[in-house]
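We did not get these values from a lab; they are worked out from the coordinates using the rules stated. Keep in mind that what you see is a predicted model, and the values were worked out from it rather than measured. Because the Cβ atoms are built from the backbone with ideal geometry, glycine has one as well, and the counts that use them run over all protein chains shown.
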Amino acid sequence: MLQYSSNEGDLVCDMFLGGFSTARAAIGLNRRATGFEISGPIFDLRVRELRGIKPGCLLQSLRTPLTERPKNQGRPWTDSDRRALVSRFAILIESGSTKKAAIERLGREFGRGRWSIEKMLKREGILPPRQKAQGSRPG
Ligand SMILES: C[S@@+](CC[C@H](N)C(=O)[O-])C[C@H]1O[C@@H](n2cnc3c(N)ncnc32)[C@H](O)[C@@H]1O
């Protein structure tokens, strides 16, 4: 969010500093940080820790966003694409791949984003649909 909504040197204000993670990230991304924390002891503790953070220290570890969009993004899936996807997924899992690694690899193979692969595997009944949050009702 900080990268998306601010530039280096900007002042980031967190109205509820709490654990100061926003302030830490802001300084690590070479922004300035300010804000409020109602608890004096928490503020004193965290502000001391904050002084140890080197401005911009997170900048080198940032991942570069993908600039090329997957070549088949937005293209409708054909029946043969779907069959090939299901079969490749089964092969990768049988050969010991994790679901996550298999999905990433299939994204590259099929020229599609990870979400598109996951959505299709769910639609084909290979991956379970997303679970709705369970609530309990009294009585
Ligand atoms: C969930 S934490 C915030 C986490 C923080 N934004 C971060 O990046 O780590 C919420 C904090 O808001 C503080 N707080 C609650 N009411 C407040 C108020 N009226 N003014 C300032 N701080 C407040 C609480 O003491 C608590 O530490």
Would you be so kind as to identify all helices of the chain, as entire DSSP H runs, whose Cα atoms reach 18 Å or more along the helix's own axis and whose mean Kyte-Doolittle hydropathy is at least -1.0?
79-94
Please report the relative contact order for the stretch 18-73, taking Cα pairs under 8 Å with a sequence separation of at least 6, and give it as a percent rounded to a whole number.
43 percent
Fully extended, how many nm does the chain gain between Asn72 and Arg32 (0.36 nm per residue separation, minus their Cα-Cα distance)?
10.3 nm
Would you please give the FRET efficiency between Leu59 and Arg130, computed as 1/(1 + (r/R0)^6) with r the Cβ-Cβ distance and R0 = 41 Å, to the nearest 0.05?
0.75
Specify whether the C-alpha gyration tensor of the stretch 2-61 places it in the rounded, prolate or oblate class, a ≥ b ≥ c being the square roots of the eigenvalues: rounded for a/c under 1.5, otherwise prolate if a/b is larger than b/c and oblate if not.
oblate
Charged-residue dipole, Cβ positions (Lys, Arg, Asp, Glu), the chain about Cα centre, Debye nearest 20:
480 debye
Could you tally the net charge around Leu50, taking each other residue with its Cβ under 15 Å from the Cβ of Leu50, Lys/Arg +1 and Asp/Glu -1?
+3
What Rg and what Dmax come out for the chain when only alpha-carbon atoms are used, in angstroms?
22.4, 63
Which whole-percent values make up P(r) of the stretch 79-123 when all C-alpha to C-alpha distances are grouped in 5 Å steps starting at zero?
5, 25, 39, 25, 5, 0
Please order Asp14, Asp44, Asp79 by the number of other Cβ within 10 Å, starting at the fewest.
Asp79, Asp44, Asp14
Quote the relative contact order of the chain in percent (integer), defining contacts as alpha-carbon pairs under 8 Å separated by 6+ residues.
16 percent
Run the helix sum for the chain: -39,500 (n - 2.57) per DSSP H stretch of 4+ residues, divided by residue count, reported at 222 nm to the nearest 500 deg cm²/dmol.
-13000 deg cm²/dmol
Taking 7 Å along the Cα-to-C-beta vector as the label spot, tell me the Ala90-Met1 distance in nanometres, rounded to one decimal.
4.4 nm
Size of charge dipole - the stretch 2-61 - debye, nearest 20, with Cβ of Lys, Arg +1 and Asp, Glu -1, no other charges:
180 debye
Qualifying trypsin sites (Lys or Arg not before Pro) for the stretch 1-57 [loop in DSSP, other Cβ within 10 Å: at most 15]
Arg51
In whole Hz, the Karplus estimates of ³J(HN,Hα) for the stretch 3-19 (6.51, -1.76, 1.60; θ = phi - 60°; x where Gly or Pro) are 5, 5, 10, 8, 10, 4, x, 5, 9, 9, 10, 9, 5, 9, 5, x, x
Along the charge dipole of the chain, which of Ile103, Ala25, Ser61 sits closest to the positive end, that is, farthest toward it, with unit charges on the beta carbon of Lys, Arg, Asp and Glu (+1, +1, -1, -1)?
Ile103
Which distance in nm do the two modelled labels at Arg114 and Thr98 give, with both placed 7 Å along the Cα-to-Cβ direction?
1.1 nm
